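Values quoted throughout were computed directly from the atomic coordinates according to the rules given, and no laboratory measurement underlies them. Predicted, not measured: the structure shown is a model, and the values here were computed from it. Quick reminder, even Gly has a Cβ in these numbers, built from the backbone with ideal geometry, and neighbours come from all protein chains shown.
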Amino acid sequence: MPAVTPGDHEAILRLKGGDITGLETLVRRYQLRAVRAAFLVTQNEPLAEDVVQDVFLRLHQRIRTFDDGRPLEPYLMRSVVNGALNAMRRERKSTQLDEDAAPLERRLQTASLESEVELAEQGREILVALSRLPPRQRAAIVQRYYLELSEREMAQALDAPPGTVKWLLHAARLRLRDLLSSGRSTP
């Protein structure tokens with residue numbers, strides 16, 4: 001289990017004491033990563049930003065019940081992924097990746113200088129394949145590989161048995177593999 005960071009602990013205590021600068025500190029620290037995670041699930045930038053704003057608002061409203069002995073980041077990121085899934089359910093549609101993948105590429109750019117072009121193409125293929133997964137499978141991939149949650153943490157976040165999480169990840173990986181192989185064989 002990750003350790004409680006001193007900066008988060010201090011911000012939470014300030015927020016519990018009614019000092020709004022505690023929330024400002026947490027927003028500055030986690031907003032970018034939270035929006036990235038929500039965007040990977042929703043594939044919709046404005047919706048992702050709304051989800052993250054709602055999560056921070058709920059955190060502010062419920063901070064008194066938060067156990068400040070626990071690390072905030074895993075709790076916050078699980079809340080973001082769950083909020084994104086709920087937003088997708090409300091929308092009742094799976095948003096496809098636009099032809100212009102620039103906003104997503106800016107968020108996920110990790111390529112080195114020498115292989116930037118090759119990695120950019122691979123990244124586009126992965127993002128297109130990810131966008132074609134059902135929202136629940138997409139969220140499982142984001143939780144496991146982007147947020148680096150363990151299967152145990154995912155089971156707790158989803159309130160599901162570990163076997164269900166293993167099955168969900170397995171199905172998502174198989175579907176991604178199929179989508180990626182079919183995409184490479186197409187001219």
The answer for the net charge of residues other than residue 176 whose Cβ lies under 11 angstrom from its Cβ, with Lys and Arg +1 and Asp and Glu -1, is +3
Calculate, for residue 64 and residue 136, the FRET efficiency according to 1/(1 + (r/R0)^6) with r their C-beta to C-beta distance and R0 22 Å; round to the nearest 0.05. 0.10
Taking a crude spin-label model, label points 7 Å out from Cα along the C-beta direction, the residue 9 to residue 180 distance in nm is 4.0
